[in-house]
1. If only one of A250, A245, A224, A216 is surrounded by 19 or more Cβ atoms within 10 Å (Cβ to Cβ) and of a type in the set (A, V, I, L, M), which one is it?
2. Give me a count of the residues in region 429-451 that are modelled with pLDDT of 85 or more and either within 20 Å of the chain's Cα centre (by Cα) or of a type outside the set (V, I, T) (or both).
3. So, of the residues in region 102-120 that are of a type in the set (A, V, I, L, M, F, W, C) and modelled with pLDDT under 95, which turns out to be surrounded by the most Cβ atoms within 10 Å (Cβ to Cβ)?
4. For K363, are the conditions met, namely being at pLDDT 95 or above, of a type in the set (D, E, K, R), in the same structural domain as L411 (by TED's automatic domain parsing) and within 28 Å of the chain's Cα centre (by Cα)?
5. Restricting to region 323-345, name every residue that is crowded, with 22+ Cβ neighbours inside 10 Å and either in a loop (DSSP other than H, G, I, E, B) or not assigned by TED's automatic domain parsing to the domain that holds D410 (or both).
6. If you take the residues in region 192-202 that are surrounded by fewer than 24 Cβ atoms within 10 Å (Cβ to Cβ) and in contact with a helix residue (DSSP H, G or I) (Cβ under 8 Å, 6 or more places away or on another chain), which one is farthest from A243 (Cα to Cα)?
7. Select from region 88-101 the residues that are among the charged types (D, E, K, R) and either under 14 Å from L32 (Cα atoms) or buried (at least 19 other Cβ atoms within 10 Å of the Cβ) (or both) and list them in ascending order.
8. The conditions are (1) at pLDDT below 95; (2) over 20 Å from S397 (Cα atoms), and S288 fails exactly one of them. Which is it?
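The values are calculated or read from the model by the stated rules, or taken from the named source; none is laboratory data. Quantities reported herein were computed from a predicted structural model and do not represent experimental measurements. Positions of Cβ are generated from backbone atoms using ideal geometry, with glycine treated the same way; all protein chains shown enter the neighbour counts.
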Amino acid sequence: MDLSPAFNDTLLENRTFDEIAIGDNASSVRTLTEEDIELFAVVSGDVNPSHIDPAFAETDLFHKVIAHGMWGGGLISGVLGTRLPGPGTLYLSQELRFGTRVGIGDTVTTTVTAREKQPDCHAIVFDCRCVNQLGQEVIAGLARVQAPTEKIRKNRVELPDVRLGRHRRFRDMLARAAALDPVPVAVAHPCDAVSLAAVAEVAEHGLVIPLLVGPAGKIRTAAAQAGIDIGGFRVIDTPHSHASAARSVALVRSGEAALLMKGSLHTDELMHAVVASETGLRTKRRLSHVYLMDVPSYPRPLLITDAAVNIAPTLEDKVDIVQNAIDLAHVMGIETPRVAILCAVETVNSAMRATLDAAALCKMADRGQIKGGIIDGPLAFDNAVSIQAARQKGIVSPVAGQADILLVPDLEAGNMLAKQLSFLAGADAAGVVCGARVPIILTSRADSERTRIASCAVAVLMAHAKTAAAPG
């Protein structure tokens with residue numbers, strides 16, 4: 001008797017030893033996903049590189065198959081423990097044979113059939129078989145279990161939500177950048193272990209050619225104390241941090257560097273040299289900072305601007321801030337980015353300047369003053385990132401619930417939002433300053449290695465995109 005149709009997704013009810021007859025069977029169906037492989041690796045400790053290591057990306061095994069012995073055994077255990085016999089079942093032994101590999105997208109039907117009953121110990125031997133969607137046998141064998149003797153009927157335990165923080169988008173972005181030629185970067189005043197380590201990390205990944213600008217003695221001493229090899233890097237001697245910033249900017253202006261990176265000096269010192277009217281790196285655009293967030297629970301990259309440069313931007317400032325973010329989104333492969341202009345509410349209110357700015361920005365986009373994206377606002381944060389929240393409020397919008405870019409009303413809001421996503425939602429954040437002659441990388445002591453490398457990868461992609469777009 002096939003017991004599968006009687007299975008209840010919310011209620012678990014067992015079949016006692018006396019209730020089970022020879023030939024009774026139950027089944028389950030499961031499709032293997034990439035997340036299954038990663039969760040399996042986390043739980044089992046099976047980090048076989050052919051399953052999870054990007055270095056094996058060129059092989060047919062990478063992220064395609066799983067060590068289906070334990071995984072398939074888990075599928076069989078799931079049927080025995082929840083369907084037949086069900087709750088109260090104790091595993092005694094198992095003998096399995098493994099056939100066709102299981103790959104991502106394969107759908108496996110697992111069936112257990114009662115073969116032999118052993119009344120003296122209430123044990124039952126089950127034939128076990130797993131078959132893929134093509135009818136190919138994946139696993140076959142026997143399982144011997146001790147069946148329950150008392151009836152159990154209870155609600156299924158609700159499992160916790162599990163979110164994997166693999167940050168696949170950053171990994172893919174790094175692969176894109178690493179496939180390009182390394183870009184010369186002027187690193188302003190890298191006189192401590194943190195900034196030198198950041199430079200060494202990105203150079204090791206083949207992203208940049210470092211030009212270390214600062215007091216040569218301090219740089220070499222810091223490198224020696226931290227055990228960082230900078231023997232292959234060019235060191236340009238300057239007397240102090242102000243001179244380091246000015247010289248780094250000059251290297252960019254002369255074309256010797258295509259990127260600018262902050263070392264151990266204060267951000268204000270570096271930006272003062274960047275915005276100098278005669279010797280800086282200003283363009284017609286206002287400078288603005290963009291965080292590229294990799295949020296595990298959000299289905300797409302999320303750009304947040306501005307959370308680091310413009311404290312209280314005006315309407316005119318926001319035009320450039322939005323355009324800078326749209327241009328960056330294009331570099332990241334987002335053809336027509338959706339821009340949500342964040343406010344506390346989703347309606348225009350004359351007492352709330354941010355909502356008036358939002359309405360004006362939308363009209364400016366309609367008139368071609370902002371190009372390359374779809375803009376809508378004012379939108380509250382929930383309406384910007386949740387389709388369900390937008391529907392509940394009756395918001396009809398091509399942006400609501402699926403924003404690629406979030407324009408915040410001021411620096412404080414942006415800073416808090418980015419840090420909340422990082423520390424509470426497990427997001428990683430790559431950051432870059434846009435609107436200057438070259439991308440500017442502002443590293444922080446609190447940045448993880450992955451964040452520092454991702455920030456440089458973004459800047460490298462921007463530099464190459466600029467070169468490709470240059471006439472001639």
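1. Exactly one residue qualifies, and that residue is A245.
2. 11
3. V102
4. no
5. P337, C343, listed by residue number.
6. In this case the residue turns out to be E201.
7. Passing the criteria: only R101.
8. Failing condition for S288: (1).
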